1. Can you say whether P62 is under 13 Å from D25 (Cα atoms) and assigned by TED's automatic domain parsing to the domain that holds F31, as far as the supplied structure shows?
2. Looking for something in contact with a Gly (Cβ under 6 Å, 6 or more places away or on another chain), of a type outside the set (A, V, I, L, M, F, W, C), open to solvent by 20 Å² or more (accessible area, probe 1.4 Å) and closer than 22 Å to T119 by Cβ - is there at least one such residue anywhere in region 10-31?
3. Evaluate the following for P217: is it in a loop (DSSP other than H, G, I, E, B) and away from ligand 1 (no atom under 11 Å from the Cβ)?
4. If the requirement is being closer than 23 Å to M121 by Cα and not in a strand (DSSP E or B), which of these qualifies: H229, H139, H202?
5. Name every residue in region 84-136 that is among the charged types (D, E, K, R) and either within 16 Å of ligand 1 (Cβ to nearest atom) or part of a strand (DSSP E or B) (or both), in order of residue number.
6. Looking for whichever is more than 8 Å from ligand 2 (Cβ to nearest atom) and closer than 16 Å to L136 by Cβ here; the options are K187, K194, K172. Which one fits?
7. Among the residues of region 128-158 satisfying the criterion of being open to solvent by 40 Å² or more (accessible area, probe 1.4 Å), within 14 Å of ligand 2 (Cβ to nearest atom) and modelled with pLDDT of 90 or more, which is nearest to C94 (Cα to Cα)?
8. Going by the structure shown, is E144 under 16 Å from the mean Cα position of the chain (by Cα) and away from ligand 1 (no atom under 16 Å from the Cβ)?
Amino acid sequence: MEKESIFLTTREAIQAIIADFRQYDPQIILFSGVIRLITDNRIHLKREPGKNGAWLNQPGTPRMKWLEGPELVAHMCEAISHTPWNQSLLTDVCARVFQTRAEPDKDPVTGKAGIRIETNMEGFACRQCGCCCRFLDYHNQVTEEDVAVWRKSGRNDILKWVYEIRGDGQPKRHHAWVTPGTQEQAKTCPFLEKEPETPRWHCRIHDAKPAFCRQFPLNRKHAVLSGCHGFKKGLRIRKGLGRKPQGKHE
Ligand code: SF4
Ligand code: SF4
């Protein structure tokens with residue numbers, strides 16, 4: 001059977017890595033391997049058994065810095081954002097992060113360089129259980145590109161649920177889904193709707209949903225660690241990665 005794969009531009013691959021890091025509790029073993037790779041072994045993490053953090057060396061000083069939980073995840077995301085990527089390095093990191101085969105490729109439409117990643121999604125079928133929409137942390141995943149598409153197509157019904165955050169000199173960020181006229185995050189996605197008299201759920205903005213929702217589950221690891229019900233049988237994936245439940249399909 002031919003392996004399923006997905007093509008990601010360089011930018012999309014970087015975003016997918018960051019989304020993976022943010023999605024779960026700190027993946028310390030993974031972080032440790034990735035930080036060595038992207039800093040050419042200049043920076044490394046030292047784990048403390050049973051703890052949700054790690055010591056980070058600081059080149060040029062004998063001191064180590066303790067980072068844990070969200071602070072460690074934020075540090076890793078920052079490091080990914082500032083890495084001077086080349087295709088070979090990005091391929092190695094994608095293979096580690098997504099626990100699959102990855103190889104340099106070109107966008108079949110534009111010819112731009114990117115990465116092709118095997119998804120290991122053979123056998124997957126969405127059951128429309130709605131779990132991903134209810135439990136994934138999508139609140140910081142709406143992108144400038146999503147917003148641009150909604151603006152262009154006049155989707156004020158979606159835009160009114162997106163709160164724009166402007167930082168001093170920082171790029172704009174978009175927060176979903178925030179109850180219109182407030183700064184309060186909606187308890188569940190306002191576009192998720194239960195089908196009457198069936199256990200299925202559907203997305204009311206299926207054709208216009210954010211890229212994060214369209215891409216879920218990006219691969220088998222993502223599906224398994226997010227508690228997705230789209231595979232029938234037990235899945236072989238490295239255990240010990242925590243799930244950070246928090247809201248996505250058809
Ligand atoms: S993608 Fe997975 S979790 Fe989401 S609705 Fe489909 S089966 Fe359920
Ligand atoms: S797929 Fe649709 S219903 Fe689910 S979280 Fe995304 S926008 Fe909401």
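The values are calculated or read from the model by the stated rules, or taken from the named source; none is laboratory data. Just so it is clear, the structure is predicted and the values come from calculations on it, not from any experiment. Cβ atoms come from the backbone with ideal geometry, glycine included; neighbour counts cover every protein chain shown. Accessible surface areas use protein heavy atoms only, side chains included; no ligands, DNA or RNA. Shrake-Rupley method; radii C 1.70, N 1.55, O 1.52, S 1.80 Å.
1. Values: under 13 Å from D25 (Cα atoms): no; assigned by TED's automatic domain parsing to the domain that holds F31: yes.
So P62 fails the test.
2. Just the residues of region 10-31 that are in contact with a Gly (Cβ under 6 Å, 6 or more places away or on another chain), to begin with: 10, 24-25.
Right, trim to of a type outside the set (A, V, I, L, M, F, W, C) and you get 10, 24-25.
Checking the rest, the ones that are also open to solvent by 20 Å² or more (accessible area, probe 1.4 Å) come to 10, 25.
Adding the requirement that they be closer than 22 Å to T119 by Cβ leaves 10.
Yes, the conditions are met somewhere in region 10-31.
3. Numbers: in a loop (DSSP other than H, G, I, E, B): yes; away from ligand 1 (no atom under 11 Å from the Cβ): no.
It is false that P217 is in a loop (DSSP other than H, G, I, E, B) and away from ligand 1 (no atom under 11 Å from the Cβ).
4. On the way: H139 fails: closer than 23 Å to M121 by Cα; H202 fails: not in a strand (DSSP E or B).
Result of the check over H229, H139, H202: H229.
5. Going through region 84-136, the residues among the charged types (D, E, K, R) turn out to be 92, 96, 101, 103, 105-107, 112, 116, 118, 122, 127, 134.
Selection gives E103, D105, K106, R116, E118, E122, R127, R134.
6. Working: K194 fails: closer than 16 Å to L136 by Cβ; K172 fails: closer than 16 Å to L136 by Cβ.
Exactly one of K187, K194, K172 is more than 8 Å from ligand 2 (Cβ to nearest atom) and closer than 16 Å to L136 by Cβ, namely K187.
7. Applying the filter and picking the extreme gives V149.
8. yes
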